[in-house]
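Asker: If you scroll down you'll find the structure; I have some questions about it.
The values are calculated or read from the model by the stated rules, or taken from the named source; none is laboratory data. What you see is a predicted model, and the numbers here were worked out from it, not measured in a lab. As a convention, Cβ positions derive from the backbone with ideal geometry for all residues, glycine included, and neighbour counts pool all protein chains shown.
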Amino acid sequence: GPNTASMLKQLDVTYDVPDIEIEAAIRNIEKKTEMELDEHQVEAVKEAVRNGLLVITGGPGTGKTTTINTIIKYFELEGMDIFLAAPTGRAAKRMSETTGYEARTIHRMLELNGGMDTGSTAGFERNERNPLETDVIIIDEMSMVDISLMYSLLKAVVAGTRLILVGDVNQLPSVGPGSVLKDIIDSGAFHTVKLTKIFRQASTSDIIVNAHKINNGEEVSLDNKSMDFFFLKRYDADKIINVTLQLIKQKLPKFVNATEYDIQVLTPMRKGLLGVERLNGILQAYMNPADKSRRY
């Protein structure tokens with residue numbers, strides 16, 4: 001059968017829509033939604049209108065959400081059907097929240113049948129014989145999509161349907177084989193819009209600023225204490241544990257208004273004085289002291 005690359009090429013149709021028309025529509029959407037797009041975002045919307053296949057990539061805070069929402073509104077005003085999907089349930093839920101439209105997992109969109117536990121007998125109802133019936137498909141969190149899921153998706157998309165792939169190349173790669181998003185971008189064969197500008201509201205977030213610095217190989221500033229990033233140097237295992245417990249119990253709940261159960265503690269090793277196993281034990285004892293009435 002056809003391979004992934006040839007199926008992508010088939011979808012890569014060009015639509016001739018004049019600049020003036022797209023720009024007028026964007027201005028109209030901006031007015032209605034009170035969103036403002038910068039020139040990269042406008043470019044992304046134009047490319048989405050003009051191409052059967054488009055990749056949109058950018059890190060956190062670069063305005064991907066606004067861009068996708070404008071693209072959705074554009075096609076909606078054209079009276080087109082739009083499917084939104086993402087690789088995991090969590091990503092789909094987030095996509096629904098940020099767009100205000102229902103997003104599904106790719107598996108659900110492709111109508112997975114057969115139990116997951118029956119192994120290879122599970123398949124998708126939607127395929128080349130029974131393709132997805134829609135005008136536009138937007139996939140978010142593409143970095144998590146592996147080659148076999150991509151293959152199944154492409155088999156179910158018929159030429160003439162616009163496919164828009166959105167993701168962050170520096171984000172979590174897929175669990176299965178093949179970093180599809182990176183390969184598509186690196187091939188240089190398909191239209192790709194890279195959103196790079198960090199927007200004002202995001203530039204106050206040290207996590208976002210530092211993430212971009214790390215990706216660009218720049219030095220990270222560890223000294224400024226901000227709402228979302230601060231660095232405490234401690235060298236002694238007991239001290240580290242005490243500081244951690246203090247942060248969870250008192251400091252963070254006050255400072256960022258999070259409950260202790262909103263806080264995630266990460267450690268790079270499994271074993272050892274500060275490993276996952278030991279820390280888990282200490283945190284559990286500290287957070288849920290053995291309660292006489294508790295039954296396990």
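Asker: Taking the stated definitions as given, is residue 104 of a type outside the set (S, T, N, Q), over 13 Å from the mean Cα position of the chain (by Cα), modelled with pLDDT of 95 or more and under 13 Å from residue 193 (Cα atoms)?
Answerer: Against the criterion (of a type outside the set (S, T, N, Q), over 13 Å from the mean Cα position of the chain (by Cα), modelled with pLDDT of 95 or more and under 13 Å from residue 193 (Cα atoms)), residue 104 does not qualify.
Asker: Scan (1) touching a helix residue (DSSP H, G or I) at 6+ places or on another chain (Cβ under 9 Å); (2) within 20 Å of residue 198 (Cβ to Cβ) for the single condition residue 269 breaks and write down its number.
Answerer: (2)
Asker: Report, ordered by the first and then the second residue, all pairs with beta carbons closer than 6 Å, sequence separation of six or more or different chains, a first member in the range 148-170 that is of a type in the set (Lys, Arg), and a second member that is surrounded by fewer than 24 Cβ atoms within 10 Å (Cβ to Cβ) and in a loop (DSSP other than H, G, I, E, B).
Answerer: Listed pairs, sorted by first residue: 155/128; 162/52.
Asker: Ok, one more. Restricted to the range 121-147, and to residues that are touching a residue at least 24 places away in the same chain (Cβ under 8 Å) and part of a strand (DSSP E or B), which residue is nearest to the chain's Cα centre (by Cα)? Show your work before the answer.
Answerer: Here is the first cut: in the range 121-147, the ones touching a residue at least 24 places away in the same chain (Cβ under 8 Å) are 124, 126-128, 130-147.
When the remaining residues are screened for being part of a strand (DSSP E or B), the result is 124, 127, 130, 136-139.
Working: 124: 23, 127: 25, 130: 28, 136: 19, 137: 16, 138: 12, 139: 9 Å.
Looking at residues that are touching a residue at least 24 places away in the same chain (Cβ under 8 Å) and part of a strand (DSSP E or B), I get 139.
Asker: To continue, here is another question. So which residues in the range 153-173 are small (Gly, Ala, Ser) and within 20 Å of the chain's Cα centre (by Cα), if there are any at all? Lay out the reasoning, then the answer.
Answerer: First, the residues of the range 153-173 that are small (Gly, Ala, Ser): 156, 159-160, 167.
Scanning the range 153-173 gives a single hit, 167.
Asker: Tell me which helices (runs of 4 or more DSSP H) are completely within the range 1-70 and hold 1 or more residues being under 21 Å from residue 169 (Cβ atoms), or say none if there are none. Give the steps one after another, and end with the answer.
Answerer: On the way: elements: 4-11, 19-33, 39-50.
Per the criteria, 4-11, 39-50.
Asker: Just name the residue that is nearest to residue 46 (Cα to Cα) out of those in the range 191-203 that are at pLDDT below 75 and surrounded by 13 or more Cβ atoms within 10 Å (Cβ to Cβ). Spell out how you get there, then give the answer.
Answerer: Step one: filter the range 191-203 for residues at pLDDT below 75, giving 199-203.
Then drop every residue that is not surrounded by 13 or more Cβ atoms within 10 Å (Cβ to Cβ), which leaves 199, 202-203.
Details: 199: 20, 202: 24, 203: 26 Å.
Within the range 191-203, the match that is nearest to residue 46 (Cα to Cα) is 199.
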